[in-house]
1. So which residues in region 34-45 are more than 16 Å from the ligand (Cβ to nearest atom) and at pLDDT 95 or above?
2. Going by what's in this entry, would SER65 be described as under 16 Å from the mean Cα position of the chain (by Cα) and of a type in the set (Gly, Ala, Ser)?
3. Do we have any residue at all in region 8-23 that's farther than 14 Å from VAL153 by Cβ, small (Gly, Ala, Ser), away from the ligand (no atom under 16 Å from the Cβ) and part of a helix (DSSP H, G or I)?
4. Taking VAL97, is it within 11 Å of the ligand (Cβ to nearest atom), within 14 Å of the chain's Cα centre (by Cα), β-branched (Val, Ile, Thr) and more than 18 Å from ILE26 (Cβ to Cβ)?
5. Can you name the residue in region 109-142 that is touching a Ser or Thr at 6+ places or on another chain (Cβ under 9 Å) and part of a strand (DSSP E or B) and, of all such residues, is surrounded by the fewest Cβ atoms within 10 Å (Cβ to Cβ)?
6. Pull up region 46-91, narrow it to residues that are assigned to a loop (DSSP other than H, G, I, E, B), within 16 Å of the ligand (Cβ to nearest atom) and at pLDDT 95 or above, then point me to the one that is surrounded by the fewest Cβ atoms within 10 Å (Cβ to Cβ).
7. In region 143-176, what residues are buried (at least 19 other Cβ atoms within 10 Å of the Cβ), not aromatic (Phe, Trp, Tyr) and not in a strand (DSSP E or B)?
8. Restricting to region 92-108, name every residue that is hydroxyl-bearing (Ser, Thr, Tyr) and surrounded by 21 or more Cβ atoms within 10 Å (Cβ to Cβ).
Amino acid sequence: MNSKLPRVMIPETKIKQRIAELGSEISADYKGKDVIAICVLKGSYMFFADLIRKVDLPIHCEFISVSSYGNKTTSSGEVKITLDTTEPLSGKHVIIVEDIVDSGLTVQYLLNHFKARKPASLKICSLLFKPDALKNDVSLDYIGFKIANEFVVGYGLDYMGRYRQVPYIGVLDNEV
Ligand code: PRP
């Protein structure tokens with residue numbers, strides 16, 4: 001992979017710094033409450049693991065796996081759940097943790113999916129947000145970075161299953 005390392009858009013140090021800020025914000029906002037954080041697989045695994053370690057609260061970790069991109073760079077528009085959460089969410093404070101909100105279709109789908117389970121509160125935390133790509137009016141509660149409408153990889157995000165282990169957010173200039 002070395003010959004084709006993505007161009008750096010957000011370096012590791014900046015990601016780490018921003019996650020510490022998000023963790024402090026979440027810790028203050030939910031003080032005294034039990035939180036269920038939901039990791040949206042696969043892309044969110046790295047962000048989720050780093051974020052929850054910066055949240056100073058009792059926290060339950062849940063996982064859901066959804067896919068709408070497959071091997072493409074644009075959303076199919078159809079969100080599929082391939083693994084669902086297992087804990088009851090009724091009356092709980094739930095935070096959906098996403099790596100990226102692009103068209104917004106996935107997160108809108110997840111909001112509807114989880115609202116039906118009657119949580120006490122439901123918020124969205126996304127590391128990345130592309131305002132220019134958004135196709136609905138979903139509003140995010142915690143945003144790491146607003147980015148331009150470019151296809152990004154690394155730090156959990158893939159292109160055809162590759163680049164997830166790259167430790168920064170990067171852009172593939174020649175491949176996409
Ligand atoms: C990516 C990402 C988000 C979603 C965002 O998932 O992890 O869940 O797309 O795009 P949207 O706002 O246009 O819906 P993907 O379907 O690529 O699956 P993956 O996380 O398993 O790679």
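1. Of everything in region 34-45, those that are more than 16 Å from the ligand (Cβ to nearest atom) and at pLDDT 95 or above turn out to be VAL35, ILE36.
2. The answer is yes for SER65.
3. Checked region 8-23: at least one residue is farther than 14 Å from VAL153 by Cβ, small (Gly, Ala, Ser), away from the ligand (no atom under 16 Å from the Cβ) and part of a helix (DSSP H, G or I).
4. Criteria not met by VAL97.
5. Among those residues, the one meeting the criterion is TYR142.
6. Per the stated criteria, the residue is ASP84.
7. ILE147, GLY156, VAL166, LEU172
8. THR106
The values are calculated or read from the model by the stated rules, or taken from the named source; none is laboratory data. Just so you know, these numbers come straight off a predicted model, no measurement behind them. Reconstructed Cβ throughout: ideal geometry from the backbone, glycine too, with neighbour counts over all protein chains shown.
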